[in-house]
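J.: Structure provided below as structure tokens; questions to follow.
The values are calculated or read from the model by the stated rules, or taken from the named source; none is laboratory data. As the structure is a computational prediction, the values presented were derived from the model and not from experiment. Glycine also receives a Cβ, built like all others from the backbone with ideal geometry; neighbour counts cover every protein chain displayed. Ligands, DNA and RNA are stripped out before the accessible areas are found, and what is left, the full protein with its side chains, is counted by its heavy atoms. Shrake-Rupley method; radii C 1.70, N 1.55, O 1.52, S 1.80 Å.
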Amino acid sequence: MARNDLSPRWDRKMQQRLARGEAAALGETYDRFASLVHNLAHRVLDDERAADSVTREVFAHVWEHPETYDPREGPLRSWLAEVTQRVAVQRLRDREEREQTLREERESTVRRASVAARADYIVHSMPAPLRAALDLAYNQRRDYRQTAADLGVTEDEARRRLRLGLQLLATAHDAGTPPGYRGAV
């Protein structure tokens, strides 16, 4: 009972000392509540290093913003638990957001690699005349007239080959396995 009577007074005095910038007050507060803060953070984050970091952040907040604690609104212990919960949950959200971003980047990389593999498969599977026309147009930067001259075909035939080749390549974005593909599953 005496302890409960002392706690509100101790909390008020500690808040006043912290507001005056007494480093010893921060040390006493840390000694009294660091394990509470660390354990709460660890419970939320399930990560020792993250809990250590949250503990440092909470006590830095206490030192830099002692005025945010009002002893009339409850015990210092409860306020520290509230601040800890808020900081730890924000860390958890940040971590989940980073993990989601990484997952999306990996999925995007896999999709791009899949499209590239499919395009490569399509190019190597298309008839040689279409492949030759695409090679001239895209790798050697020839227009359809130069492609026609290099291949010894009419301009209409060069345009037709380029169009068909491009139509086949456009299917690289389609889902599914390339026709006739028997690769590893």
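J.: Spin-label point model (7 Å from Cα, Cβ direction): what's the Glu67 to Arg160 distance in nm?
T.: It is 8.3 nm.
J.: Also, I was wondering about something else. Kindly express, to the nearest 10 degrees and within the range 0 to 90, the angle between helix 76-125's C-alpha long axis and the longest C-alpha principal axis of the chain.
T.: 10
J.: If you roll a 1.4 Å probe over the range 1-147 with all protein chains in place, what percent of the accessible area is carbon or sulfur? The partial results should precede the final answer.
T.: On the way: 4860 of 9740 Å².
Here it works out to 50 percent.
J.: Read through the labelled values [x] 102, 35, 23; [y] 48, 40, 34; [z] 46, 37, 32 and report the label of the one computed as Cα extents along the principal axes in Å from the structure.
T.: [x]
J.: In the chain, with Lys and Arg counted as +1 and Asp and Glu as -1 at Cβ, which of these residues, Ser114, Ala51, Ala81, has the Cα nearest the positive end of the dipole, that is, farthest along it?
T.: Farthest towards the positive end: Ser114.
J.: Using only Cα atoms, tell me the angle between helix 2-19 and the longest principal axis of the chain; keep it within 0 to 90° and round to the nearest 10.
T.: Helix 2-19 and the main axis of the chain meet at about 60 degrees.
J.: Once a ≥ b ≥ c are taken as the square roots of the eigenvalues of the Cα gyration tensor of the range 44-90, is the result rounded (a/c under 1.5), prolate (a/b larger than b/c) or oblate (a/b not larger than b/c)?
T.: In terms of gyration-tensor shape, prolate.
J.: Per residue, what accessible area does the chain have, given a 1.4 Å probe and all protein chains present, in Å²?
T.: With all protein chains present, the chain gives 68 Å² per residue.
J.: Measure nothing but the geometry: give the 0 to 90° angle between the long axis through the Cα atoms of 23-45 and the longest principal axis through the Cα atoms of the chain, rounded to 10°.
T.: Once rounded, the angle reads 40 degrees.
J.: Sticking with this one: So, with +1 on the Cβ of K and R and -1 on the Cβ of D and E, and no other charges, what is the size of the charge dipole of the range 55-106 about its Cα centre, to the nearest 20 debye?
T.: Details: 10 positive and 12 negative charges, 44 e Å.
Around 220 debye, computed over the range 55-106.
J.: Explain nothing, just the number: dipole magnitude of the range 1-153 about its Cα centre with +1 on each Lys and Arg Cβ and -1 on each Asp and Glu Cβ, in debye rounded to the nearest 20.
T.: Working: 26 positive and 26 negative charges, 38 e Å.
The calculation lands at about 180 debye.
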